[in-house]
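Step one of this worksheet: look at the structure below.
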Amino acid sequence: MVGKMHETEELQPTEEARLDQAMTSMDPILQASLQREQQLRRRKKLLYGGIVMSTLIALLAVIFAQAGSTDDQDSPDAPQDSVARIAQAEQLGKEGWQLWNSGKPAAAEKKFVKAVELDKSNPHTLNGLGWSRIHLAKYDLAIESFEKSVKLQRTHVGALNGLGQAHLFKREYDKAEPFLRRSSALAKGSSAADFGLARVYLLTSEFAKAKSTLASMKKKGIGELDPAQFESMVKAAKTESVSDELMAQLEPPAIKVAELEVADDGKSAADWSKEGWSYFQRGNARAAEAAFTKAVKLAPEMEAAQNGLGFAFLNQGKHEEALPIFEKLVKANPKGVGYVNGLARCYEQAGELEKAVTTWQTLETGDGAVTALTWGLGRTLLALDRKDEALPVFERIKKQHPNESGIDELIAKCKAAE
C-alpha cells in the first residue's frame, strides 16, 4: 500500500502492487512496526548488556564458591554453560531478525526456535518467533509465543501488537481488540496497532470507535499506510458504511498452506510472489514475469501470483497472454479491483476500448476513493473522444489529489472546443 497517486498513470506497477498487497499480503505497516521494535531493542542493547554483565559477575561468584566441585563444572546445566547459552541465544536472535528483515520468515523461525530453546526468558526472542510464525500463517503457534513474551514483559509493545494481529488474521476480532488497544496505548506515535484497531472497528461496525482511532492516527501520523486507503477508512467511519472495495482491503486474506511450502530452491510460492512484486514495482517486468511464473508453478491457485503474472505480461504488451489470467480471476472474484482493472487493460491494449470502458464501469461508479480504475476509465473515455464523460472523472481525481501531475492538462483537453 506504499506509494503516491502521482506515480500511477504511466507507472501502473506501484498502484497495482498496492491493490494486490491489500488483498493478498500482510500489511506493510506491520513491517514498519517490527522495524521500530528492532530499533527499540538496539537502543536497549547497552542496558541489556549491563544486565548480562551483572549476571556474569554473579555466576562467576557462584563458580568460585563451588570451585572444588568438578561435577558441577562438567554438568550441562552449570552456570558457566548458562552464560554461553545466553550469549548464543542472543546471537541467534539477531540472526533471526536479519532473516526476517530480508524476507525469509521460515529461516528466521528456525533461528528463533533455537534461540528460545537456549534461553526461554528473553521476551524479545519470543516476540521474533511470534512474528516469523505470523508471516507463515501459523497463527496459533504465534499466539503461544507472544503470550510467553507478554508473560515475561507485560508492557512489550511488539508482542501485544502481535497478539492482536494474530487474532485479527484469524478473524477473531473480539479477542484482537484489547491487545491492539493496549499496544496502541503503550506505543509512541502511530503504530501498526492503531491501524489494526481501525480495521477491527470498521469490520465490526463500531464506527464511533473507528472515527476516534482514525482521528488519533491522523494527529500522530499515518506512517506507512497509503493515504488513499486512509481517507477511504475515514469516509467509511463518518458515513457508517464500508464499501465492498474497502471491505476487501480490510478483511484478513485467507492464506493457503500450499503458498508457504518451501521448494528445493529454498523458496515458497509466497516468496517468489513477493519477489515478483518487488521487481514489478521497480519496472522490471521480465524479471517479475519469471518470478511470478515460479510462484504459479508451485501454487497454481495463488491469486496474488496470477495477478502479478497478468500485469507483468501487460507491461510487456502481452495482452493475449494476460487475458485468460484476468478472465479467470474476475470470474472467481467479480469485485476484485485489481483483477477488473487488469481485464480492462487487456481490452484496452487489444484496441477494444468500448469493452474496456464497460469493464471499468462495473466497479468504478463515480464515488469513493480514486483508484487505478478511475484513471483507466478517464483515460479511455478521452481516447474515445467522450470528453463530456471523461471530464467529471478527471475532476474527481483533481478534487482528491489536487497536486496530481498532468491532471490539469487532461481537464483542459476535456474542456477544449472540438
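The values are calculated or read from the model by the stated rules, or taken from the named source; none is laboratory data. Just so you know, these numbers come straight off a predicted model, no measurement behind them. FYI the Cβ positions are ideal-geometry reconstructions off the backbone, even for glycines, and counts take in every protein chain you see. Each accessible area value is taken on the protein alone, full model and side chains, heavy atoms only, with ligands, DNA and RNA left out. Shrake-Rupley method; radii C 1.70, N 1.55, O 1.52, S 1.80 Å.
The table below gives the values:
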item	result
Distance from region 173-216 to region 90-167 (C-alpha centre basis), Å	22
Accessible area (Å², 1.4 Å probe, nearest 10) - residue 205	70
Set of lysines with alpha-carbon distance to residue 120 below 21 Å, sequence-local pairs under 8 removed	44, 45, 94, 110, 111, 138, 148, 151
Pairwise label distance in nanometres, residue 247 with residue 335, each label 7 Å out on the Cα-Cβ vector	0.4
Accessible heavy-atom area order of 204, 213, highest first, probe of 1.4 Å	204, 213
Per DSSP, loop trypsin sites (Lys or Arg not before Pro) in region 187-257 with at most 11 further Cβ within 10 Å	188
DSSP-loop GluC sites (Glu not before Pro) across region 353-411, with at most 16 other Cβ within 10 angstrom	none
Under-5 Å amide H pairs with residue 268, H placed in peptide plane, nonlocal only	263
By accessible area with a 1.4 Å probe, ligands and nucleic acids excluded, highest first: order of 154, 133	154, 133
Heavy atoms of residue 152: accessible area, 1.4 Å probe, square angstrom to 10	90
Spin-label pair residue 316/residue 85, simplified geometry with 7 Å Cα→Cβ offset, distance in nm	5.3
Solvent-accessible surface (1.4 angstrom probe) belonging to residue 110, in square angstrom, nearest 10	140
